[in-house]
1. Select from segment 247-290 the residues that are of a type outside the set (S, T, N, Q), buried (at least 20 other Cβ atoms within 10 Å of the Cβ) and in a loop (DSSP other than H, G, I, E, B) and list them in ascending order.
2. How many residues are outside any helix (DSSP H, G or I) and either touching a residue at least 60 places away in the same chain (Cβ under 8 Å) or of a type outside the set (Ser, Thr, Tyr) (or both) when one looks only at segment 161-191?
3. Considering segment 125-160 alone, what residues qualify as being part of a helix (DSSP H, G or I), touching a strand residue (DSSP E or B) at 6+ places or on another chain (Cβ under 6 Å), within 19 Å of residue 302 (Cβ to Cβ) and of a type in the set (D, E, K, R)?
4. All but one of (1) at pLDDT 95 or above; (2) touching a helix residue (DSSP H, G or I) at 6+ places or on another chain (Cβ under 6 Å) hold for residue 367; state the number of the condition that does not hold.
5. Would you please list the contacts, defined by Cβ atoms under 8 Å and residues six or more apart or on different chains, that run from a residue in segment 317-338 that is in contact (Cβ under 8 Å) with a residue 12 or more places away in the chain to a residue that is crowded, with 24+ Cβ neighbours inside 10 Å and among the aromatic types (Phe, Trp, Tyr)?
6. Residue 309 is checked against (1) at pLDDT below 95; (2) surrounded by fewer than 19 Cβ atoms within 10 Å (Cβ to Cβ) and fails just one. What number does that condition carry?
7. Only one of (1) under 21 Å from residue 352 (Cβ atoms); (2) of a type in the set (S, T, N, Q); (3) surrounded by fewer than 18 Cβ atoms within 10 Å (Cβ to Cβ) is not met by residue 125, so which one is it?
8. Pick from segment 374-385 the residues that are over 17 Å from residue 351 (Cβ atoms) and touching a residue at least 40 places away in the same chain (Cβ under 8 Å): which of them is surrounded by the most Cβ atoms within 10 Å (Cβ to Cβ)?
Amino acid sequence: MSNFKLVIMGIFGFFLLAAVLVFSGILPGLSGSSGVAGGKVVFWGTIPAGQISGLIEDLNRQYKPMEVVYVEKDKNSFDRSLTEALASGVGPDLAMLPKELIYRHADKVYPIPYSALSARDFRDTFIQEGELYLTGVGILALPFRLDPMVMYFNRDLLSNAGISLPPSSWEEILFITPKLVEKDQSGNIVKSAVSFGEFKNVNYAKDILSLMTMQAGNPIVERKENGFKVVFGDTAGFSLKPADEAVRYYTNFSNPVQPSYSWNKSLANSRDAFLSGTLAFYFGYASELLSLRELNPHLNFDVAKVPQTKGAVAQITIGNIDGLSILKSSGNIAGAFDAAKIMTDPDFSLKLAQKMFLPPPRRDLLAEKPPDAYMNVFFDSAIMSRGWIDPSSYDTSVIFRGLVENVVSGRLRISEAVMNANGELGGLFKN
C-alpha cells in the first residue's frame, strides 16, 4: 500500500474516532459552560415556524453558546430542497427526516454511534416505530414528531343506525356497514359507511392497506445485513398471505355484489364526504382534528383508535414519524448532536407536542395520559404506531394504486396483483 493511501486512511480513522468521542462526550474542549457544544446549528423542518420558534428561542437562551436557527420548509418540496442544498454545499446541520426519506437520504446522514446512545436505551426511550431509524452502524435520527392514524366517526350517523359505540374490530365494521349505507331510488350510494375499495378518491389508501397488512403480521419490508428485502407478498409464517387478506377485505367494500358495498369511484373524496356528513368513518391522521373542526364546526364527530383484527397478538396503527438527523456535510456535528438531544428530551418534546396537539414519540411521556379525550386516543395510538421503510413515496403510491385497480377491475386475481406489487416494490431498492 502506498504512503499516500496510508496517510489518507490514518486521517479518516482519526476523524472517525474523534466523532465517536465527541458524541460520547469524552473529547474535551468542545463544550461551552452550559455543557453543550457552541456555534450555530441550522435546522430545517416542516413544522410551521409559529409552533416551534418560541421553543427554539427558549432553547437558545438556556443553552448558550449554542444557537439553533430554524428554517421552515414546505413539506411537499422538502426532499428536493434538501437534495439541491446538499449538492451545492449549503445544506443545514440538522434536518427533520420523515420515514419516507430514510432510505433515500441514509447516505447523507451522520449516524449517531451506539457508544453515544445504545440501541437498548433508544428502544426504551422512543416508541417502536422509531426503530426504523436504527441501522447496523448507528442511529439515523432521533424521533421528534409523531402523527398516528386514527378513526374519525360521525356520531349522528351511528346513532341514527342504532349503533352505540364505534367498532373496535374490522369484523364489526363488516357487520354494521349495511346498517349505515343509504341508497337513492336509482341504487346510487348517498351515505357511506367506510371509504374502502378504491384508491383515487380515498385519502391515505396506501397507508390503510399498509396498516391492514402489518396488523395481519407482515412488515412489508425487512432490513437485512446487506440491505432491504420486500416481503409484502410473503406468507410471513401464516397459512394465508397477510397482504392477500388485506387487499381482499379492502376491495370488497367497492364490490356491488358484496353486503359490505359502501364505496365507488364516482363518490367524492373521502375527507370531503366525511366533512359533508355523508361518510360514517374516516381514516385519517391525528393532525387533521383541528382542521376538521374548523372546516365544519357543526359536524358531530368523535375519534377512536383504528380497528384491529380479532385475536391479533399486537395492536397496530400506522404513524407518520419525523426524526432529527445530523447531516454529514455539517460543519458543527457536535453542536447538531447536542441540539438533537435537547429537542428530543422530555421537556422540549412535551412542549412541542402540546403546541401541535399531537402525541410525543417518547415512552415516558406517553405513560401519563392527558385529560383531553381526543389526546387520550392519540396517546394510545402513538404507542401502537408502526411503519415501514418506503424507498420512494410517489413510486410506492403508484404501485399500490395499480394493485387496487388491478383487483377492482378484474384484470388480475388478488394473489397475482399482490405478487406483481411485491416485485415492483423490490425494484425500488438498490442492492
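The values are calculated or read from the model by the stated rules, or taken from the named source; none is laboratory data. Because the structure is predicted, anything quoted here is derived from the model rather than measured. As a convention, Cβ positions derive from the backbone with ideal geometry for all residues, glycine included, and neighbour counts pool all protein chains shown.
1. The answer is 253, 261, 263, 267.
2. 18
3. Correct list: 155 only.
4. It fails just one condition, (2).
5. These pairs meet every condition: 322/144; 323/133; 323/144; 324/144; 326/337; 334/23; 337/23.
6. Only one criterion in (1) at pLDDT below 95; (2) surrounded by fewer than 19 Cβ atoms within 10 Å (Cβ to Cβ) is unmet by residue 309, namely (2).
7. (3)
8. 381
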